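The values are calculated or read from the model by the stated rules, or taken from the named source; none is laboratory data. Given the structure is predicted, the values throughout are model-derived calculations rather than measurements. Counting neighbours? That spans all protein chains shown, and the Cβs are built from the backbone with ideal geometry, glycine included.
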Amino acid sequence: MRTNKDNCRTCDGKKPSEQETMVIMKINQLTFSQFLIPRYKKIILKIEDLPENQSENWENKLFKDYSACGCTTGAYFLTIGFILTIIWSIYFIHDFISNPLIYLFRGLGVWVFCALFGKILGLIFAKIRLFINLIRLKRFIHIHTKIQYY
């Protein structure tokens, strides 16, 4: 029995969203919209006149922000929420002793909010850093190579 995969000439068995590597060969491929949604497991810069060591440095910088998930920032915010909940409970110890379940549910709500807020903030900051690094890479290529991107 033939499947759709057998009939597809350009398909290597993977969905386009599961491709392994993004290879950038021209400077006009360095657009922010291409980097907006993480789809690749590796970024390779093969731009002419860009030294190999510089290419590896920029690949690592771009991929760090490209693949960021925001978990570290979320964990920091969760820790802050945990500390604030403990301080709040100690400050209002009499209310905490009389209604511990209310404080428990409030604390859980604060923890969930802090974790989600931190994760979203981490994702936003990673995309901003990625945008800034793309601009820096274009400037670097423009200054240190013969390629013009205007």
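Here I80 does not qualify as modelled with pLDDT under 85 and in a helix (DSSP H, G or I).
Please find, within segment 91-130, the residue that is modelled with the highest pLDDT out of those that are among the aromatic types (F, W, Y) and closer than 30 Å to E59 by Cα. Even if it seems obvious, please write down each step before you answer.
At the first step, the residues of segment 91-130 found to be among the aromatic types (F, W, Y) are 91-92, 96, 103, 105, 111, 113, 117, 125.
Now narrow it down to the ones that are closer than 30 Å to E59 by Cα: 117, 125.
Values: F117: 96, F125: 93.
The qualifying residue modelled with the highest pLDDT is F117.
Of all residues in segment 24-33, those that are exposed (fewer than 14 other Cβ atoms within 10 Å of the Cβ) and either part of a helix (DSSP H, G or I) or among the β-branched types (V, I, T) (or both) total 5. When A126, A68, A75 are screened for being assigned to a helix (DSSP H, G or I) and buried (at least 17 other Cβ atoms within 10 Å of the Cβ), only A126 passes.
If you go through segment 95-122 and keep only what is crowded, with 17+ Cβ neighbours inside 10 Å and under 15 Å from the mean Cα position of the chain (by Cα), you end up with G118, K119, G122. Restricting the first member to segment 27-56 and to residues that are at positive phi, and the second to residues that are outside any helix (DSSP H, G or I) and modelled with pLDDT under 75, the beta-carbon pairs closer than 9 Å and six or more apart or on different chains are D49/T145; D49/K146; D49/I147. Would segment 40-51 turn up any residue that is among the acidic types (D, E) and surrounded by 13 or more Cβ atoms within 10 Å (Cβ to Cβ)? Checked segment 40-51: no residue is among the acidic types (D, E) and surrounded by 13 or more Cβ atoms within 10 Å (Cβ to Cβ).
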